[in-house]
Structure formats: structure tokens, C-alpha cells
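Written out below as C-alpha cells is the structure these notes cover.
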Amino acid sequence: MAFQKQVNKSQALGSAGQISKAFHNYCNTFSAVATDENVCVGCFVQAGDKDGEVKGASGQAITANILGVVVKDKYISSAGTEAVHIYRKGDNVTIINAGNVFIECESVATAGQYVFLKDDNGALAFDDTSTLADHTYTGWRVSVGNAAPYADDGIIEITTANA
């Protein structure tokens, strides 16, 4: 049994991969099959080699179109892996490509910024303009950031509205 390692002063907005607006709002999801073990909850995915397949984009080189963010919609067994949010190759996943969703980031993001992935390693980046050298625009913008008085990292909300 693991002990709690951190205590926050305030409750998080939500958890990575959680849709932040109800399904009756503008929201679109689709199902796909994970083709590698880099597909994780709350992370971006890119098109796989075949129709209906996706591969990880967050933390990976960007080689195809960014399709959206993996939604937290079912229990994932932690058997055989330390990261309980990673899907196995061949698992069915749900992707949100329009609407609002929470993701986790390790840098400051402010409302209105554009969300990018670095081309060579898939690292998250944010900028005030829709183009950023050596980065791929994801089609999403920050709707609720984590700048002061919030933490320098943590959960943010992103949206395709006005993206």
C-alpha cells in the first residue's frame, strides 16, 4: 500500500482525460484501436498506419495528424505496468476531438494560449500565436490555465471552441 505523497491547498479542476463539459454540450468522441503502448489517458494521439488506429503523440515524435485526447472512460488494469493510465496495444480507446477536456502539464499555461506538441519528442508547449517553429498545432486552446495563483504545473482545461 502506498502512502499519499502530496497535499494540495485546493481541489484540482478534474483529472487528466476527464471531459470537462457535460455530453449535452458541444462534444465529439470516437473510438479507435491503440497500435502502440504510448496511448495513455489524458494524452494526445496521432493517426495510426490504418484507418481506425491511433498511436501515442504525447512524448513521441509527431509523424501523423493529431486526432485528439484520450478520454478516461473505463478502468485500466495495472497488471504488468506501473503506469495505470496507459493502454495496451490492441485496446479500444475513446478519443475526444471536439469539446472541452482536462489534461496535465508540467509548465505554465494561460487561458487563450494555443496547445502544441514538439515535432521531435511530442512535448507539450503553449504559445500566444497559432504557429510555433518545430511544433505541431493540436487544434486545441487553453480555456482554464494554471498560472498564478495556481500551481506551475498540474491540471488545465483545453477546448476546441475558438481554436
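Miscellaneous remarks
- If you go through segment 60-87 and keep only what is of a type in the set (Gly, Ala, Ser), at pLDDT below 95 and open to solvent by 40 Å² or more (accessible area, probe 1.4 Å), you end up with Ser77, Ser78, Ala79, Gly80.
- First in segment 149-160 and closer than 11 Å to Gly42 by Cα and open to solvent by 30 Å² or more (accessible area, probe 1.4 Å), second anywhere and assigned to a strand (DSSP E or B) and at pLDDT 85 or above, Cβ under 9 Å, 6 or more apart: Ile155/Phe102; Ile155/Ile103; Ile155/Glu104; Ile155/Cys105; Ile155/Val144
- Scanning segment 39-55 for residues that are closer than 20 Å to Val101 by Cα and either in contact (Cβ under 8 Å) with a residue 24 or more places away in the chain or surrounded by fewer than 16 Cβ atoms within 10 Å (Cβ to Cβ) (or both) yields Val39, Cys40, Val41, Gly42, Cys43, Phe44, Val45, Val54.
Residues checked against (1) surrounded by 14 or more Cβ atoms within 10 Å (Cβ to Cβ); (2) among the polar types (S, T, N, Q):
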{"residue": "Val101", "(1), (2)": "yes, no"}
{"residue": "Val108", "(1), (2)": "yes, no"}
{"residue": "Gly112", "(1), (2)": "no, no"}
{"residue": "Thr129", "(1), (2)": "no, yes"}
{"residue": "Ala133", "(1), (2)": "no, no"}
{"residue": "Thr138", "(1), (2)": "yes, yes"}
{"residue": "Arg141", "(1), (2)": "yes, no"}
{"residue": "Asn146", "(1), (2)": "yes, yes"}
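- Taken over segment 44-59, the criterion of being within 16 Å of the chain's Cα centre (by Cα) and modelled with pLDDT of 95 or more is satisfied by Phe44, Val45, Gln46, Ala47, Val54, Lys55, Gly56, Ala57.
The values are calculated or read from the model by the stated rules, or taken from the named source; none is laboratory data. Note that the coordinates shown come from a computational prediction; the quantities given were computed from them, not determined experimentally. All Cβ positions, glycine included, derive from the backbone under ideal geometry; neighbour counts span all protein chains shown. Protein only, heavy atoms only, side chains kept; ligands, DNA and RNA dropped before computing areas. Shrake-Rupley method; radii C 1.70, N 1.55, O 1.52, S 1.80 Å.
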